[in-house]
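The values are calculated or read from the model by the stated rules, or taken from the named source; none is laboratory data. These figures come from a predicted structure and were not determined experimentally. Every residue, glycine as well, gets a Cβ built from its backbone with ideal geometry; the counts of neighbours run over all protein chains shown. Remember, those area values only see protein heavy atoms, side chains included, never the ligands or the DNA or RNA. Shrake-Rupley method; radii C 1.70, N 1.55, O 1.52, S 1.80 Å.
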Amino acid sequence: MHFQPVLLWTDLLLFVLVACALLMALHVRRHEPLRAAWRKVGQRPVGMAAATVLLAFVVIGMLDSLHYRPLLPAVEGRADSAPVYGSEVLSVLDTVLAPLRLNNEKTYSAPFARTLYQRETVELAEGGQARIHPPLQYGGVHLQPDEPVAPDVARQLIAAVGQAVLVLMLLFALVSIGVARTQGRGLRHAAADILAGRSTLAWRAALISAGLVALLISAAITLAPLYHVLGTDKVGQDVLYLSLKSVRTALVIGTITTLVMLPFAVALGIAAGYLGGWVDDAIQYLYTVLNAIPGVLLIAAAVLMMQVVIDTNPHWFETAAERSDARLLALCFILGITSWTGLCRLLRGETLKLRELEYVQAARAFGASTPTILRRHILPNVMHIVLIALVMDFSGLVLAEAVLSYVGIGVDPTTISFGTMINMARAELAREPMVWWSLSAAFAFMFVLVLAANLFADVVRDAFDPRRG
Amino acid sequence: MLGYVLRRLLYAVPILIGVNLITFLLFFVVNSPDDMARMQIGVKRATPEAIERWKVDRGYDKPMFVNNAQAGTARLTETLFYDKSLRMFALEFGRADDGRDIAREILDRMAPSLAIALPTFILSLFLSISFALLLVFFRATYLDFWGVVLCVAMMSVSSLFYIIGGQWLVSKLWALVPISGYTSGLDAFRFLVLPVLISVLAGLGSSARWYRTIFLEEISKDYVRTARAKGLSEITVLFRHVLRNALIPVLTGVVVVIPLLFMGSLLVESFFAIPGLGSYTIDAINAQDFAVVRAMVFIGSVLYIIGLILTDLSYTLVDPRVRLE
């Protein structure tokens, strides 16, 4: 084998989450009311567009979650020894982005630049010294020394647009065939419906945003190996690479946090609401106490403590990636502990309402046991609250990660995330001349991700909240 | 009324004890003082003597809950739990790592924190309610639609961006106000205006949208239709009826944060170098000064509980239907 697969804890949880999503999709297919609610999401152009953009982010994040350790080349003369794997944990995304990951410059360079951003003193070939912007090692080296950058970029971009249009046509054809099969009215009808925005689901919006995403991706594919499209940071790393790697961290924080706290919030919330009495009192006491501690301070205290645990037990982790992954997972748990109270209170309130409804009373009168009632009658009817909480919390958590990492109580400094990118670049705007690209890239990626998540969350809430029918 | 307040205050005691226990568990049981000492001194230089000295300096050398070396009540009072946890109820927080008295420091730093937090609170409450009312007045028009889009977009921007971008634009490019710093007295205005404006702007999107939902929920009720049918103008309906009734759900969110204003804002204070409680906390986190973090956790919880009680009381003021018995 040329590699050894590595399954980090957060990878595992992400895969569990994807599996849950697939199971839920199967479940939705079989239940008409759920299908109707999701159809409402699909009918809103905003929902479809936001979902398409989110899907692109999820694909990036999932590619970045397939980890492995590459096989090191065998040492000469010891061919029979056991294979040795590198201590660096890579992901499939790293392999795809190998040119970006490996083509490190010496320090800052602007987007599409061919020279470093700062002057350096270099020895001239004919003797003497000069203060010049030294040429980059990788950015734009395919050009002649005096050739301008803009025409070449324009040429490449035209090719990229061509590719994107091809991809879009292909997607359009696929969607048309799909719509034609469900409508049963022929391909041309379906295509015309989609173009006019008359199809049941808002496919036109989805295709437009898919086209934009395809354009960005193909532009990145053609340009990124030749230039540093978003420049390089202080140690010469490509900013586009850092931004793409940050996506996974954001997704992990945004989803795993809710996932790990979900069992507690659901179990305690329903138990408090349904059982009442001292159980209710105890659970209410628990979440009032946790709520009383200001969130940031509880997180800070817990992260400081976790840091001590991780630092005093270095032997738990085989590679640096596993250590930073443990810290990421711990951060998810800590954020989960501070944020489950809100969901728990909502579920308690809803259960209080549900337990007095006729069908629950009837089930009780028939002698159904409490666990059965909770599982069959209460749980399915509070699931919409859980779903809404899951999508509503996502964007807040992504934003919180950046702030926490900035404060120094977020992810491990070696984990690439929007927060660590901003943290590294915080003094760059004050420099003369100003370095603006790493901050802008981090903020722009974060803005698109959070905006898409916010819009999607709104549409989901509108579709599932019965009060907003 | 008085009886109710007293009962609520009594109810706060078990919550504070819970908070106290959690913080104690977090800071002393998850990691022993030895671990903390090793980390603070540095793993390489942590000789047993250095660890012992570190613990004695900070009073961490006592047993956890029961001190068998002492007699009588000292068995319980000469312990970490009594020293570090229970004494907080008497607002004795001990000393920070730099040797200063934490309680004194907190008193000194409250004023700068409030100087930012109070104007921010009032201004953002006023602006977001006005903006929400404007959107509700023009509901189901393009103005409303784009207003909501603007709110969602503003919510999606990281607060770090508002701060970094605002500092760069206003202080560096336009050079209107100093980038950071603080003085006392009236002169502080020029240091305060930018952080206040930035914090207001950063919170505007989400709060305006939240108030808009509350107002919209209120406006679909029957009494509003009756008021319109009476021939009242839309403006009168909005201000006399909708706004007043919507105050009740608004209060739940607003009153609870008023006491927490004393805590200051972590981000804004650290970016603008304001010597308030927020930057104090951040510095303590970065320096891993556990005593200060513990003190801030305790104070934060006390303020939160005060906020809860104030919320209940404020209901009686705005809603005559609520009686506190």
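Within the stretch A:268-285, track down each residue that is within 14 Å of another protein chain (Cβ to nearest Cβ) and closer than 19 Å to residue A:382 by Cβ.
A:283, A:284
Which is polar (S, T, N, Q), assigned to a helix (DSSP H, G or I), out of contact with any Gly (no Cβ under 9 Å at 6 or more places or on another chain) and in contact (Cβ under 8 Å) with a residue 24 or more places away in the chain, of A:209, A:246?
A:209
Please go through (1) β-branched (Val, Ile, Thr); (2) touching a Ser or Thr at 6+ places or on another chain (Cβ under 8 Å); (3) away from every other protein chain (no Cβ under 14 Å) for residue A:293 and return the number of the only condition it doesn't satisfy.
(3)
Checking the structure you have, find out if any residue of the stretch A:29-38 is out of contact with any helix residue (DSSP H, G or I) (no Cβ under 8 Å at 6 or more places or on another chain), open to solvent by 60 Å² or more (accessible area, probe 1.4 Å) and in contact (Cβ under 8 Å) with a residue 40 or more places away in the chain.
Scanning the stretch A:29-38 turns up no residue that is out of contact with any helix residue (DSSP H, G or I) (no Cβ under 8 Å at 6 or more places or on another chain), open to solvent by 60 Å² or more (accessible area, probe 1.4 Å) and in contact (Cβ under 8 Å) with a residue 40 or more places away in the chain.
Does residue A:354 qualify as being touching a Ser or Thr at 6+ places or on another chain (Cβ under 6 Å) and more than 14 Å from chain B (Cβ to nearest Cβ)?
Criteria not met by residue A:354.
Across the stretch A:44-86, what is the number of residues that are at pLDDT below 90 and not hydroxyl-bearing (Ser, Thr, Tyr)?
Residues meeting the conditions: 16.
Would you be able to tell me the number of residues in the stretch A:460-469 that are closer than 23 Å to residue B:153 by Cα and either facing chain B (nearest Cβ under 10 Å) or not in a helix (DSSP H, G or I) (or both)?
Residues that pass the stated criteria total 2.
Out of (1) within 30 Å of residue A:382 (Cα to Cα); (2) within 11 Å of another protein chain (Cβ to nearest Cβ); (3) crowded, with 21+ Cβ neighbours inside 10 Å, what's the single condition that is false for residue A:255?
(2)
Within the stretch B:264-298, which residues are on the phi > 0 side of the Ramachandran plot and not polar (S, T, N, Q)?
B:264, B:273
Could you pull out every one of the helices (runs of 4 or more DSSP H) wholly within the stretch B:40-138 that has 1 or more residues that are touching a helix residue (DSSP H, G or I) at 6+ places or on another chain (Cβ under 8 Å) and open to solvent by 90 Å² or more (accessible area, probe 1.4 Å)?
Answer list for the stretch B:40-138: B:74-77.
Name, by its number, the condition in (1) open to solvent by 50 Å² or more (accessible area, probe 1.4 Å); (2) more than 30 Å from residue B:171 (Cα to Cα) that does not hold for residue A:462.
(1)
State the number of residues belonging to the stretch B:231-259 that are crowded, with 18+ Cβ neighbours inside 10 Å and within 14 Å of chain A (Cβ to nearest Cβ).
So the count comes out to 2.
Among the residues that make up the stretch B:234-257, is at least one of them within 30 Å of residue A:423 (Cα to Cα), modelled with pLDDT under 90 and of a type in the set (A, V, I, L, M)?
yes
Just to be sure before I move on: is residue A:390 assigned to a helix (DSSP H, G or I), away from chain B (no Cβ under 12 Å) and open to solvent by 50 Å² or more (accessible area, probe 1.4 Å) in the structure I sent?
Working: assigned to a helix (DSSP H, G or I): yes; away from chain B (no Cβ under 12 Å): yes; open to solvent by 50 Å² or more (accessible area, probe 1.4 Å): yes.
Judged against the criteria, residue A:390 is a match.
Working only within the stretch B:233-285, note down all residues that are closer than 17 Å to residue B:315 by Cβ and outside any helix (DSSP H, G or I).
Residues of the stretch B:233-285 closer than 17 Å to residue B:315 by Cβ: B:243-259.
Once the filter is applied, which keeps residues that are closer than 17 Å to residue B:315 by Cβ and outside any helix (DSSP H, G or I), the stretch B:233-285 yields B:256, B:257, B:258.
From A:302, A:326, which residue is more than 8 Å from chain B (Cβ to nearest Cβ), part of a helix (DSSP H, G or I), open to solvent by 10 Å² or more (accessible area, probe 1.4 Å) and small (Gly, Ala, Ser)?
A:326
Can you give me the number of residues within the stretch B:14-24 that are within 15 Å of residue A:284 (Cβ to Cβ) and either more than 9 Å from every other protein chain (Cβ to nearest Cβ) or surrounded by fewer than 19 Cβ atoms within 10 Å (Cβ to Cβ) (or both)?
Counting residues in the stretch B:14-24 that are within 15 Å of residue A:284 (Cβ to Cβ) and either more than 9 Å from every other protein chain (Cβ to nearest Cβ) or surrounded by fewer than 19 Cβ atoms within 10 Å (Cβ to Cβ) (or both) gives 2.
Out of the stretch B:275-325, which residues are polar (S, T, N, Q) and open to solvent by 50 Å² or more (accessible area, probe 1.4 Å)?
Of everything in the stretch B:275-325, just one residue is polar (S, T, N, Q) and open to solvent by 50 Å² or more (accessible area, probe 1.4 Å), namely B:286.
State whether one or more residues within the stretch A:385-404 are free of Cβ contacts under 8 Å to residues at least 40 places away in the same chain and within 18 Å of residue A:235 (Cα to Cα).
No, the stretch A:385-404 contains no residue that is free of Cβ contacts under 8 Å to residues at least 40 places away in the same chain and within 18 Å of residue A:235 (Cα to Cα).
Here is a check on your reading of the model: is residue B:11 aromatic (Phe, Trp, Tyr), within 30 Å of residue B:262 (Cα to Cα) and open to solvent by less than 30 Å² (accessible area, probe 1.4 Å)?
no
For residue B:268, are the conditions met, namely being surrounded by 17 or more Cβ atoms within 10 Å (Cβ to Cβ) and either within 10 Å of chain A (Cβ to nearest Cβ) or out of contact with any Asp or Glu (no Cβ under 6 Å at 6 or more places or on another chain) (or both)?
Considered against the rule, which asks whether it is surrounded by 17 or more Cβ atoms within 10 Å (Cβ to Cβ) and either within 10 Å of chain A (Cβ to nearest Cβ) or out of contact with any Asp or Glu (no Cβ under 6 Å at 6 or more places or on another chain) (or both), residue B:268 comes out as yes.
Here are A:337, A:373: which of them is over 20 Å from residue A:11 (Cα atoms), assigned to a helix (DSSP H, G or I) and more than 14 Å from chain B (Cβ to nearest Cβ)? Explain how you work it out, then say what you get.
On the way: A:337 fails: more than 14 Å from chain B (Cβ to nearest Cβ).
Going through A:337, A:373 in turn, just one is over 20 Å from residue A:11 (Cα atoms), assigned to a helix (DSSP H, G or I) and more than 14 Å from chain B (Cβ to nearest Cβ): A:373.
Enumerate the pairs (first residue in the stretch B:14-42 and touching a residue at least 24 places away in the same chain (Cβ under 8 Å); second residue anywhere and open to solvent by 10 Å² or more (accessible area, probe 1.4 Å) and of a type in the set (D, E, K, R)) with beta-carbon separation below 8 Å, excluding pairs fewer than 6 apart on the same chain, so at least 6 apart or on different chains.
Taking only residues 6 or more apart or on different chains, the pairs are B:23/B:294; B:24/B:84; B:27/B:84; B:27/B:294; B:28/B:84; B:33/B:55; B:33/B:61; B:39/A:311.
(1) touching a Gly at 6+ places or on another chain (Cβ under 9 Å); (2) assigned to a helix (DSSP H, G or I); (3) buried (at least 19 other Cβ atoms within 10 Å of the Cβ): which one isn't true of residue B:153, the others all being true?
(3)
Of all residues in the stretch B:139-150 being open to solvent by less than 40 Å² (accessible area, probe 1.4 Å) and in contact (Cβ under 8 Å) with a residue 12 or more places away in the chain, which is farthest from the other protein chains (Cβ to nearest Cβ)?
If we take residues in the stretch B:139-150 being open to solvent by less than 40 Å² (accessible area, probe 1.4 Å) and in contact (Cβ under 8 Å) with a residue 12 or more places away in the chain, then B:147 is farthest from the other protein chains (Cβ to nearest Cβ).
Counting just the residues of the stretch B:120-140 that are β-branched (Val, Ile, Thr) and over 14 Å from residue B:212 (Cα atoms), which one comes out nearest to the chain's Cα centre (by Cα)?
B:120
This table checks each residue for (1) outside any helix (DSSP H, G or I); (2) aliphatic (A, V, I, L, M); (3) more than 13 Å from residue B:160 (Cα to Cα); (4) within 9 Å of chain B (Cβ to nearest Cβ).
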position: A:402; (1), (2), (3), (4): no, yes, no, yes
position: A:414; (1), (2), (3), (4): yes, no, yes, no
position: A:422; (1), (2), (3), (4): no, yes, no, yes
position: A:434; (1), (2), (3), (4): yes, yes, yes, yes
position: A:439; (1), (2), (3), (4): no, yes, no, yes
position: A:447; (1), (2), (3), (4): no, no, no, yes
position: A:451; (1), (2), (3), (4): no, yes, yes, yes
position: A:458; (1), (2), (3), (4): no, no, yes, yes
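Just name the residue that is farthest from the chain's Cα centre (by Cα) out of those in the stretch B:170-197 that are in a helix (DSSP H, G or I) and within 14 Å of chain A (Cβ to nearest Cβ).
In the first step, residues of the stretch B:170-197 are kept if they are in a helix (DSSP H, G or I); the result is B:170-173, B:186-197.
If we keep only those that are within 14 Å of chain A (Cβ to nearest Cβ) as well, we get B:170-173.
On the way: B:170: 27, B:171: 27, B:172: 29, B:173: 32 Å.
Restricting to residues being in a helix (DSSP H, G or I) and within 14 Å of chain A (Cβ to nearest Cβ), the top hit is B:173.
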